[in-house]
Amino acid sequence: DRGFTIAKLFPEQDYADFFSQAVALLRKCWRSAGLQLSDDFSPDQYHLIASTARQHLDAVEQTKLLGVADFPTGIRKIEERISEICGVPLQAKNPFDGQAVFHFRVIRPASRDNNPLHRDVWLDDYRSCINLYIPVAGSNDRSSLILLPGSHLWPEARVERTVGGAVINGTKFNVPAVTAIKGEYTIERPDPMNNQVLVFSPYLIHGGAVNLNTEVTRISIELRLWIR
């Protein structure tokens with residue numbers, strides 16, 4: 001009824017492997033973007049090594065549209081776990097375009113790195129997917145994804161949005177952005193812990209997740225699954 005749920009992700013050892021591989025992949029991506037960091041660099045301190053817009057944009061290019069063959073601990077484990085949660089067999093392959101990718105979403109503190117409030121279904125190829133938010137670093141009740149509970153059931157007439165992809169502060173987004181909502185609504189910032197996953201409907205209004213922390217970068221994995 002609320003359009004989302006939080007559930008345990010993996011058995012403890014599997015999660016330990018997942019986390020270590022996720023961090024190793026992040027460091028590899030950042031080095032490919034030209035950032036200098038040590039082997040024990042903590043991901044939540046990313047803002048200290050990518051302090052300029054150019055550094056951040058170069059790093060984002062390396063941490064998005066990653067092939068699922070590189071998913072930490074293997075994509076099958078996450079497909080099987082989310083299939084169990086949802087009660088239907090799922091796969092990380094978009095039937096609309098055959099794309100099979102995931103992203104690291106990196107939101108620095110006191111920045112405009114976040115995307116606007118939106119519904120994923122405003123892009124046709126996301127109409128039949130399920131969305132995952134997996135915290136990796138710096139995710140807490142001041143930085144995690146923002147959701148409007150129950151908004152997946154709202155008629156489109158209740159929400160005003162941009163005609164095409166939004167442009168905010170000079171940044172172009174693929175998805176339209178919410179500009180107004182008719183009637184009362186509530187906003188929540190669910191706070192999934194380590195080894196938990198936030199699973200939510202593509203019809204649910206979400207985004208706008210400004211990182212209100214002052215000293216840590218928020219990093220999460222964004223993945224979508226479709227019925228197998």
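The values are calculated or read from the model by the stated rules, or taken from the named source; none is laboratory data. What you are looking at is a predicted structure, and each value in this text was computed from that prediction instead of being measured. Ideal geometry is used to build each Cβ from the backbone, glycine not excepted, and the neighbour counts take in all protein chains shown. In case anyone asks, the SASA skips ligands and DNA or RNA and just uses the protein heavy atoms, side chains included. Shrake-Rupley method; radii C 1.70, N 1.55, O 1.52, S 1.80 Å.
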In the range 28-58, what residues are within 17 Å of Thr217 (Cα to Cα), in contact with a helix residue (DSSP H, G or I) (Cβ under 7 Å, 6 or more places away or on another chain) and not in a helix (DSSP H, G or I)?
Leu35, Leu37, Phe41, Ala50
Please go through the range 134-171 and pick out each residue that is of a type in the set (D, E, K, R) and in a strand (DSSP E or B).
Glu160, Arg161
Counting just the residues of the range 178-214 that are among the aliphatic types (A, V, I, L, M) and either buried (at least 19 other Cβ atoms within 10 Å of the Cβ) or in contact with a Cys (Cβ under 8 Å, 6 or more places away or on another chain) (or both), which one comes out nearest to Leu48 (Cα to Cα)?
Ala209
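When the residues of the range 1-27 are filtered to those that are assigned to a strand (DSSP E or B) and not β-branched (Val, Ile, Thr), which remaining residue is nearest to the chain's Cα centre (by Cα)? If you could, list the steps in order and put the result at the bottom.
So in the range 1-27, the residues assigned to a strand (DSSP E or B) come out as 4-8.
Narrowing the set further to residues that are not β-branched (Val, Ile, Thr) leaves 4, 7-8.
On the way: Phe4: 14, Ala7: 16, Lys8: 17 Å.
Filtering the range 1-27 for residues that are assigned to a strand (DSSP E or B) and not β-branched (Val, Ile, Thr), the one nearest to the chain's Cα centre (by Cα) comes out as Phe4.
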If you take the residues in the range 59-74 that are open to solvent by less than 30 Å² (accessible area, probe 1.4 Å) and part of a helix (DSSP H, G or I), which one is farthest from Gln99 (Cα to Cα)?
Ala59
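Considering only residues that are touching a His at 6+ places or on another chain (Cβ under 9 Å) and not in a loop (DSSP other than H, G, I, E, B), which ones fall in the range 172-196? Explain how you work it out, then say what you get.
First, pick out the residues of the range 172-196 that are touching a His at 6+ places or on another chain (Cβ under 9 Å): 173, 175-178.
Of everything in the range 172-196, just one residue is touching a His at 6+ places or on another chain (Cβ under 9 Å) and not in a loop (DSSP other than H, G, I, E, B), namely Val178.
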Considering only the range 124-157, state which residues are open to solvent by 50 Å² or more (accessible area, probe 1.4 Å) and out of contact with any helix residue (DSSP H, G or I) (no Cβ under 7 Å at 6 or more places or on another chain).
Asp124, Ser128, Asp141, Arg142, Leu153, Pro155, Glu156, Ala157
Within the range 23-34, identify whether any single residue is modelled with pLDDT of 95 or more and on the phi > 0 side of the Ramachandran plot, and answer yes or no.
yes
